[in-house]
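*Asks:* First the structure, then my questions, so here it is.
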Amino acid sequence: MPSLPLFPTTVAGSLPKPAWLAEPEKLWPKWQAEGVALTTAKEDAALLWLKVQEEAGIDIVTDGEQFRIHFVHGFMEHLGGIDWAKKTQMGIRNNRYVVDVPTVTGPITRKRSVHKDEVRFTRAHTKHALKFTLPGPMTICDTIADQHYGRRADMAMAFAKVLNEEARELEAAGVDVIQFDEPAFNVFMDDVKEWGIAALETAAAGLKCTTAVHICYGYGIEANNKWKETLGSEWRQYDEIFPALNKSKIQQVSLECQGSKVPISLIKHLSDKVILVGCIDVASKTAETPEQVAATLREAMKYADAQRLQACTNCGLAPLPRNVAAGKLAALGAGARLLRAAV
Ligand code: ZN
């Protein structure tokens, strides 16, 4: 990994797809091309976002998830044991939204490498530290119906094993940070402690690169915004899971701090982890100011050493307009620079 400054900047993962690649501002957009033209368009979009991130001063960059429609299904598409024609209507994230999901009908296997070509391409085009995001086992299980395993914990462990095969391959292809996205972690808090963290550690087993977990309150879409209104004046879900996560082998934990009701003091539970402080709200279309970003980091410094803090986005920026996302990245980079100069 290239050496990093104080308050390294990074993104939670996804960035908007340009309108020539996919329908803009949608979570499940349709591609605008197919075949070789689509592959080229995805690569062009990844190059574009590498450039935007580098110019913004983002230290640990991603491909912006330009190669996949959705962070969960993009991985599952290439696995065996899933019947995509057998759609089951399922309330996901504890019935926050209802979607048609595919069904597990046999043992989960990884038929081939899923994201290696994407990593190779991205790695060849940036000298910055590179992060790659994969869905976490619990979140996968909450986005698919089960007619084979019977217990979610067993299905999660099966997904964790194929995730681990994939992660090891991506590490060998030059990824510096592998981040597992587990938005389901602050929905099923008991399951997290019973089997969620064990499944996550299985997915990350044996990796020598940096490992991270992203937990969040979801994209800034209507269903999430409504759910957030029911969570009260302080969101303390992390209180239940952070102590257990702090004991895990995962090195970094991401949480959302900007424009959310998460008390930032909860990072006290993560005394052994690097903390990815969410300084960019994904539910607002107004870019933060560098001063706001710096202020959020300063707040975090009250509860954790500066050396353990990274400046990050609350969640993926995928559903936002492209120019808004670019403005937010610029603010993130500028805010970290501001604070570096001040401390
Ligand atoms: Zn998220």
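*Asks:* Using square roots of five times the C-alpha gyration tensor eigenvalues, list the equivalent-ellipsoid semi-axes of the stretch 244-328 in whole Å, biggest first.
*Replies:* Ellipsoid half-lengths, sorted descending, are 24, 14, 10 Å.
*Asks:* What share of the DSSP beta bridges in the chain is antiparallel, in percent to the nearest 5?
*Replies:* In the chain, approximately 25 percent of DSSP beta bridges are antiparallel ones.
*Asks:* Just order 121-132, 56-67 by mean Cβ neighbour count inside 10 Å, highest at the front, would you?
*Replies:* Ranking the peptides 121-132, 56-67 by packing returns 56-67, 121-132.
*Asks:* Report the Cα-based extents of the chain along its three principal axes, largest first, to the nearest Å.
*Replies:* Result for the chain: principal-axis Cα extents of 56, 45, 39 Å.
*Asks:* Compute all pairwise cysteine Cβ distances in the chain, then list the cysteines with no distance under 4.7 Å to another cysteine.
*Replies:* Singleton cysteines: Cys141, Cys209, Cys257, Cys279, Cys312.
*Asks:* Ok, one more. Using only Cα atoms, locate the centre of the stretch 291-314 and the centre of the stretch 167-195, then give the distance between them in Å, rounded to an integer.
*Replies:* After rounding, the separation between the Cα centres reads 22 Å.
*Asks:* Suppose we take every Cα in the stretch 122-201 and form the convex hull; what volume per residue is that in Å³?
*Replies:* Given the Cα convex hull of the stretch 122-201, per-residue volume reads 97 Å³.
*Asks:* Ranking request for peptides 278-287, 308-317, 144-153: highest mean number of other beta-carbon atoms within 10 Å first, then the rest in descending order.
*Replies:* Highest mean packing first, the order is 308-317, 278-287, 144-153.
*Asks:* Determine, for each peptide in 240-250, 181-191, the mean count of other beta carbons within 10 angstrom over its residues, then list the peptides with the highest first.
*Replies:* Result, highest mean Cβ count within 10 Å first: 181-191, 240-250.
Every read-out reported here was derived from the displayed coordinates using simple, explicitly stated rules and does not represent laboratory data. Treat the numbers as computed from the prediction; the structure is a model and nothing was measured. Don't worry about glycine lacking a Cβ; one is built from the backbone with ideal geometry, like all the others, and counts go over all protein chains shown.
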